[in-house]
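Peer 1: Here it is, the structure in full.
The values are calculated or read from the model by the stated rules, or taken from the named source; none is laboratory data. Since we're looking at a predicted model, the values are computed, not measured. All Cβ positions, glycine included, derive from the backbone under ideal geometry; neighbour counts span all protein chains shown. Areas reflect the complete protein model, heavy atoms only, side chains present, ligands, DNA and RNA absent. Shrake-Rupley method; radii C 1.70, N 1.55, O 1.52, S 1.80 Å.
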Amino acid sequence: MRILLSLVFVIFTTSSFAVTFNGKFVQGSFILGKTEAGSEVFIDKKKVKVTSDGYFVFGLSRDRKNDVVIKINEKKIIKKIFKRKYKIQRIDGLDEKKVTPPEEVYERIKKENKWIGKARAIDSDLTFFKNKFAIPVENAIITGVYGSQRILNGKPKWPHYGLDFAAEEGTKIKAMLSGVVTLAEPDLFYTGGTLIFDHGHGISTLYMHMEKVLVKKGQKVKQGDIIGTVGSTGRATGAHLDVRLNWFNIRLDPATVLDIKN
Ligand SMILES: [Zn+2]
């Protein structure tokens, strides 16, 4: 009798509640969820959009330690987060001027960060985030990874949240995913030639240090379209493309959506 009861319970729970996750519950990860259409989904108490066919998306920050609470139609799922080890590099004896930006550019940096923040906050109904991402530059060497951090003259700097593809100046850059351009700037202080794309439900991608920006704000772009060329604009030490992936203001590891080992 007891066995029969538990069997009934299993069937009941699986038929009334089904969810699958594509992505690992690891710091920095992008996670695509799929449940029944018409479901209501909350991630850590934040209500997220669900597509007409039941897809939703979220991400885990670089230093997240606490469990994720996923609520789907009153059902709670609690997932543990696996921690990662990031590369930490200490460099001492640097010229202070190179460690801190000059005061006269503070206002500019503040203004530009606001533009970027605004683009990342967009919560559109686009559903491109469901599709597979593609590598933006062919035959490039990965020279920088997500999460790494430098400690300059004893001061911990902002961690590196991108994935760096070193390539020759002028190398064509392809859109990793279809989307709509929400920011197109030829020369921002830190990031130089910069593009931001909206892919729906708070998922955005950034492309930085571009030599040429070949698309305009508001333009719809298909995956694989040429969007610009590799450069060293902004604060860059050499020609490379730095790509970023966000879920709203949370910075995710682009390697978790590209076929790159991290
Ligand atoms: Zn970078």
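Peer 1: Taking segment 74-120, which residues are under 25 Å from the mean Cα position of the chain (by Cα), touching a residue at least 60 places away in the same chain (Cβ under 8 Å) and outside any helix (DSSP H, G or I)?
Peer 2: Of everything in segment 74-120, those that are under 25 Å from the mean Cα position of the chain (by Cα), touching a residue at least 60 places away in the same chain (Cβ under 8 Å) and outside any helix (DSSP H, G or I) turn out to be R84, Y86, K87, I88, Q89.
Peer 1: Of everything in segment 84-99, what is out of contact with any strand residue (DSSP E or B) (no Cβ under 7 Å at 6 or more places or on another chain) and surrounded by 11 or more Cβ atoms within 10 Å (Cβ to Cβ)? Give them in sequence order.
Peer 2: The one that is out of contact with any strand residue (DSSP E or B) (no Cβ under 7 Å at 6 or more places or on another chain) and surrounded by 11 or more Cβ atoms within 10 Å (Cβ to Cβ): K87.
Peer 1: Can you tell me which residue among F189, F129 is in contact with a His (Cβ under 7 Å, 6 or more places away or on another chain) and either open to solvent by less than 30 Å² (accessible area, probe 1.4 Å) or on the phi > 0 side of the Ramachandran plot (or both)?
Peer 2: Selected residue: F129, the only one of F189, F129 that is in contact with a His (Cβ under 7 Å, 6 or more places away or on another chain) and either open to solvent by less than 30 Å² (accessible area, probe 1.4 Å) or on the phi > 0 side of the Ramachandran plot (or both).
Peer 1: Please go through segment 138-156 and give me each residue that is touching a residue at least 60 places away in the same chain (Cβ under 8 Å), part of a loop (DSSP other than H, G, I, E, B) and either within 16 Å of the chain's Cα centre (by Cα) or more than 13 Å from the ligand (Cβ to nearest atom) (or both), ordered by number.
Peer 2: Passing the criteria: V145, Y146, G147, S148, N153, G154.
Peer 1: Considering segment 219-244 alone, what residues qualify as being within 15 Å of A175 (Cα to Cα) and either away from the ligand (no atom under 13 Å from the Cβ) or without any contact (Cβ under 8 Å) to a residue 24 or more places away in the chain (or both)?
Peer 2: Q219, K220, V221, K222, Q223, G224, D225, I226, I227, G228, T229
Peer 1: Does segment 58-77 hold any residues that are more than 16 Å from V26 (Cβ to Cβ) and in contact with a strand residue (DSSP E or B) (Cβ under 7 Å, 6 or more places away or on another chain), and which are they?
Peer 2: V69, K71, I72, K76, I77
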